[in-house]
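Since the structure comes first, as structure tokens, the remarks are kept for the end.
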Amino acid sequence: MNKKIIISLFLFIATVSNLNAAGKVALVNTNIIKMSEVNPLQEFIGTVTFDKKSKIASESSGVAKDINFEVGKRVKKGDVLVSIDSDILNAQINAANSSVNMYSVQLENAKKNFLRYQALVAKNSIAQKVFDDAKVEYDVANENLISSKAKLNELKIQKAKKTITAPYSGVIVEKNINLKEWLNVGSTVATIVNTKELELVFNLPLTFVDGLKKGDIYDAQIAEQIVKAKLYAAIPSGDKLTRTFPVRFKANVDDIFIFDGAEAKLKFAKNAKTKALVINRDAVIKRFNMDVVFAVVNDKAVMIPVQVIGFLGTNAAIAGKGLVEGMNIVVKGNERIFPDMAVKILDNSKEKQD
């Protein structure tokens, strides 16, 4: 326990003692701590990698006209990273628009002639060839309009590819392009990683791997932060020298900036039993960055720092100075109590924990 924590704890207890002097009483539920067999936990060190890492490539050729990113910049999905010069393409699009307008007018005129000649040929007022020519003209005008619209759409697709955007939100970790540089189709312009989706890899002995279950959630420590990590794969191909096997977890983080290759810590249970004091895991809470429980002694709350050494269903096996079998431990209401606070027990479950 470092000096800052000790000082903070001292001031905190002093403040709470003043509150207790005012006669405040906390209502709590407790369980009796019991001795039982549990699977002990052992801490392992793993490595953090980014679950999603992509090289962003150009789908078009041309000169890089604008570059809107640098290495280390955080970008959002859809942000424009690079704009490729499209002056010639813009001129082609304008010409294609004009063609579409022209063929639209031609089709409208051809349609009027076709409908007029259709009515006349029905009355035998014109020769069949005149009507047939009008129909051919109408069909050709219709095909010309369809073709011109398709060409315009093709040019617009090409124009869209002149803008390179971020495929997802993340951080740019590599830049491969400079201003006014020529890009070919397939040229890499940047590398992006999604720092919110992590993969944690641990190499574990088989005795620990056997106790794992796909989909289970674990508390992983990364950069002094606790994140939820979900087990998704245990790879059966391991290291023949160390007899360890890679186990992979996925974790989502929001505001924590994590570096690729950072250290991750997890505690795993071995397939072996040991005797330990057991209490409902709700009794263990965080105070001053420590795991603690509150015992009730002489109607007062006593805070005891503990170490979680294993789990048994909904219970936790703990060890701590001053803990003894049969002691009343607060399992509900502990978030509202403080050291040396007067407490009243509403329910004291003496049944064996599950």
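So TYR168 ticks every box in (1) touching a strand residue (DSSP E or B) at 6+ places or on another chain (Cβ under 6 Å); (2) surrounded by 15 or more Cβ atoms within 10 Å (Cβ to Cβ) but one. Which box is left unticked?
(1)
Would you say GLN118 is modelled with pLDDT of 95 or more and either under 26 Å from GLY62 (Cα atoms) or assigned to a helix (DSSP H, G or I) (or both)? Give the steps one after another, and end with the answer.
Numbers: modelled with pLDDT of 95 or more: no; either under 26 Å from GLY62 (Cα atoms) or assigned to a helix (DSSP H, G or I) (or both): yes.
No: the conditions fail for GLN118.
Conditions (1) buried (at least 19 other Cβ atoms within 10 Å of the Cβ); (2) in contact with a strand residue (DSSP E or B) (Cβ under 6 Å, 6 or more places away or on another chain); (3) at pLDDT below 90, marked per residue:
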residue: VAL193; (1), (2), (3): yes, yes, no
residue: GLY211; (1), (2), (3): no, yes, yes
residue: LEU231; (1), (2), (3): yes, yes, no
residue: ILE235; (1), (2), (3): no, yes, yes
residue: ASP239; (1), (2), (3): no, no, yes
residue: THR242; (1), (2), (3): no, no, yes
residue: VAL253; (1), (2), (3): no, yes, yes
residue: LYS273; (1), (2), (3): no, yes, yes
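Somewhere in the stretch 336-353, is a residue within 19 Å of GLU37 (Cα to Cα), out of contact with any helix residue (DSSP H, G or I) (no Cβ under 9 Å at 6 or more places or on another chain), touching a residue at least 40 places away in the same chain (Cβ under 8 Å) and loosely packed, with under 13 Cβ neighbours inside 10 Å?
Our first condition is that a residue be within 19 Å of GLU37 (Cα to Cα); within the stretch 336-353, this holds for 350-353.
Keeping just the survivors that are out of contact with any helix residue (DSSP H, G or I) (no Cβ under 9 Å at 6 or more places or on another chain) gives 350-353.
Cutting the leftovers down to touching a residue at least 40 places away in the same chain (Cβ under 8 Å) gives us 350, 352-353.
Applying the additional criterion that residues be loosely packed, with under 13 Cβ neighbours inside 10 Å yields 350, 352.
Yes, some residue in the stretch 336-353 is within 19 Å of GLU37 (Cα to Cα), out of contact with any helix residue (DSSP H, G or I) (no Cβ under 9 Å at 6 or more places or on another chain), touching a residue at least 40 places away in the same chain (Cβ under 8 Å) and loosely packed, with under 13 Cβ neighbours inside 10 Å.
For the stretch 29-55, what are the residues that are aliphatic (A, V, I, L, M) and touching a Ser or Thr at 6+ places or on another chain (Cβ under 8 Å)?
Start the filter on the stretch 29-55 by keeping residues that are aliphatic (A, V, I, L, M), which leaves 32-33, 35, 38, 41, 45, 48.
Answer for the stretch 29-55, where residues must be aliphatic (A, V, I, L, M) and touching a Ser or Thr at 6+ places or on another chain (Cβ under 8 Å): ILE32, VAL38.
So which residues in the stretch 89-124 are more than 26 Å from ASN153 (Cβ to Cβ) and loosely packed, with under 13 Cβ neighbours inside 10 Å?
To start, the set of residues in the stretch 89-124 that are more than 26 Å from ASN153 (Cβ to Cβ) comprises 112-124.
Residues satisfying the conditions are LYS112, LEU115, ALA119, ALA122, LYS123, ASN124.
Output the residues belonging to the stretch 47-88 that are of a type in the set (Asp, Glu), over 21 Å from GLU154 (Cα atoms) and outside any strand (DSSP E or B).
First, pick out the residues of the stretch 47-88 that are of a type in the set (Asp, Glu): 51, 59, 66, 70, 79, 85, 87.
Among the residues that remain, those that are also over 21 Å from GLU154 (Cα atoms) are: 51, 66, 70, 79.
Matches in the stretch 47-88: ASP51, GLU70, ASP79.
I'm trying to understand the selection: among the residues of the stretch 55-81, which are within 23 Å of ALA251 (Cβ to Cβ) and either buried (at least 19 other Cβ atoms within 10 Å of the Cβ) or not assigned by TED's automatic domain parsing to the domain that holds THR188 (or both)?
Taking the stretch 55-81 and keeping what is within 23 Å of ALA251 (Cβ to Cβ), we get 72, 74-77.
Once the filter is applied, which keeps residues that are within 23 Å of ALA251 (Cβ to Cβ) and either buried (at least 19 other Cβ atoms within 10 Å of the Cβ) or not assigned by TED's automatic domain parsing to the domain that holds THR188 (or both), the stretch 55-81 yields only VAL75.
Among residues belonging to the stretch 284-305 that are in contact (Cβ under 8 Å) with a residue 40 or more places away in the chain and within 30 Å of the chain's Cα centre (by Cα), point out the one that is surrounded by the fewest Cβ atoms within 10 Å (Cβ to Cβ).
Going through the qualifying residues, I end up with ASN289.
The values are calculated or read from the model by the stated rules, or taken from the named source; none is laboratory data. Every value quoted in this text rests on a predicted model; they were computed, and no experiment measured them. No Cβ is skipped: glycine too gets one built from the backbone with ideal geometry, and neighbour counts run over all protein chains shown.
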